[in-house]
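Below: one structure, written as C-alpha cells.
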Amino acid sequence: MATLRALECLVALVDEGSVTRAAASLHMSQPALSHQVAALERELGTPVVERLARGVRVTAAGRAAAEEARIALDAAARAVRVGRQVGAGNDGRLRIACAETMTAWLLVPVLRRWHARRPGVRLELAEFTSADRMVEHLMNGATDLVVGPEPTATTAHVETLGREEIVVVTFASHPFASRVAVAVGELADEPFVHYDPDNGMAVWVDRFAAAHQVSLSPVLRTRSPRTAAQLAGAGMGVTLVPVSALAGRPAAVVRRLEPRVHREIVALTLTPSDALVRRFVADLRGRGLPEVNTAAALPTA
C-alpha cells in the first residue's frame with residue numbers, strides 16, 4: 001500500500017513542477033524523493049512521472065493519483081488534529097452509564113461544567129437501576145464509563161469515588177419519626193417498601209437483612225429508590241434508600257440507621273488511560289460525593 005510520504009511526494013511534484021523544488025518543499029533530499037516516487041510507481045504498476053533531459057513531467061496516471069492523494073492527505077491531517085483534540089480532552093465522544101439515582105446527585109454539576117468548557121465533546125448518558133447491568137454494557141463495549149455502586153463482580157478497572165450512606169425513610173406519624181436513628185433490628189416486621197428484583201437495591205436489601213437476621217415484610221415493590229422514598233413518605237411503611245435518591249427532597253421522614261451503613265460508589269472503565277475517561281473521573285474525584293445532612297437538610301413532613 002502506498003505510504004502517505006509517497007503520496008506527499010507525488011503531490012509536491014505536481015504542485016512544484018520539478019524534483020528540486022518538490023524535495024525542498026518537503027525538506028528532504030532529491031534522492032529520497034525519487035525513492036518514494038519509484039516505490040509509488042511499483043505500487044501502481046505504471047509511471048507517475050516521465051524523466052526528461054531537463055526535469056520530469058507528471059503523467060496522466062500521476063495527476064489522477066495526485067487528486068486522490070490530496071483527499072487522503074487531508075483526511076490524514078484531519079485524523080491527527082482530531083486525535084490531538086481528543087487527547088487534550090476537547091473533542092470526541094464519552095458514553096457514561098450511571099445509576100439512575102446519581103444523575104442529579106453526582107453527575108449533573110460535572111456534566112454542566114464539561115458542556116460549558118468542552119463543547120467539542122459529545123456526552124451520552126444512560127441510566128440504570130442495576131450495577132451489574134451497567135457492567136454488562138461496559139464489557140459489551142456499549143459504554144466507556146460506569147458510575148454507581150459496586151457491582152457483584154467485575155474485571156474492569158475500578159476507582160473508588162467515595163461512600164454513600166443508606167438511610168431509613170418513613171412518614172411523619174410513624175414512631176421512627178421521633179427517633180434520631182433507627183436500629184437495624186427495628187425494621188423487623190415493619191411494612192416495608194421493597195424493590196423489584198431487577199433493581200440492584202433489591203439484592204442489597206435482602207443481603208443486608210439476612211446479615212442482621214432481620215425479617216422484612218414487603219407491602220409492595222418498585223424499580224426506583226426515589227419512588228420507594230415517596231411511597232414510604234406517603235404512609236405505605238418504611239424503606240431503605242441511598243441518600244442519592246433523596247436529591248428531589250421527598251416529603252418524608254429520613255433517619256439514619258444505627259449503626260450507620262454505607263456503600264462504596266465507584267467508577268468503572270476498560271480504558272483507564274483514555275483521555276476523556278481519565279479527565280472525567282478526575283473531575284468526579286475532585287468534586288467528591290455530595291454530603292446530605294439527614295437531620296437538617298431534608299424535610300421531616
Roughly how many whole Å is it from the C-alpha centroid of the range 2-21 to that of the range 196-222?
71
How would the range 82-147 be classified by its alpha-carbon gyration tensor: rounded, prolate or oblate, with rounded meaning a/c under 1.5 and the a/b versus b/c comparison settling the rest?
oblate
Could you work out what % of the accessible surface of the chain is carbon and sulfur, using a 1.4 angstrom probe and leaving DNA, RNA and ligands out of the count?
52
Starting from the alpha-carbon convex hull of the range 1-157, give the projected area averaged over all orientations, in nm².
13.5
Output ³J(HN,Hα) for the range 97-111: one whole-Hz value per residue in order, computed from phi by the Karplus curve 6.51 cos²θ - 1.76 cosθ + 1.60 with θ = phi - 60°, and x for Gly and Pro.
10, 9, 4, 4, 6, 9, 4, 6, 5, 10, 7, 3, x, 6, 4
Burial-style ranking of 119-131, 66-78, 188-200, average other-beta-carbon count within 10 Å with highest first, yields 188-200, 119-131, 66-78
GNM result for the chain, Cα springs below 10 Å: residue of MET201, MET28, MET102 fluctuating most strongly:
MET28
Cut-off under 5 Å, modelled amide H: who pairs with LEU257 long-range:
VAL168, VAL182
With every protein chain left in place, what is the accessible area per residue of the range 67-204 in square angstrom, probe 1.4 Å?
49
Over the range 108-236, what number does the Rg to Rh ratio reach, with both radii from the alpha-carbon atoms and Rh per Kirkwood?
1.04
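The values are calculated or read from the model by the stated rules, or taken from the named source; none is laboratory data. The model shown is predicted, which means the values in this text are computed figures rather than measured ones. Virtual Cβ from ideal backbone geometry, glycine too; neighbours counted across all protein chains shown. Only protein heavy atoms, including side chains, enter the accessible area calculation; ligands, DNA and RNA are left aside. Shrake-Rupley method; radii C 1.70, N 1.55, O 1.52, S 1.80 Å.
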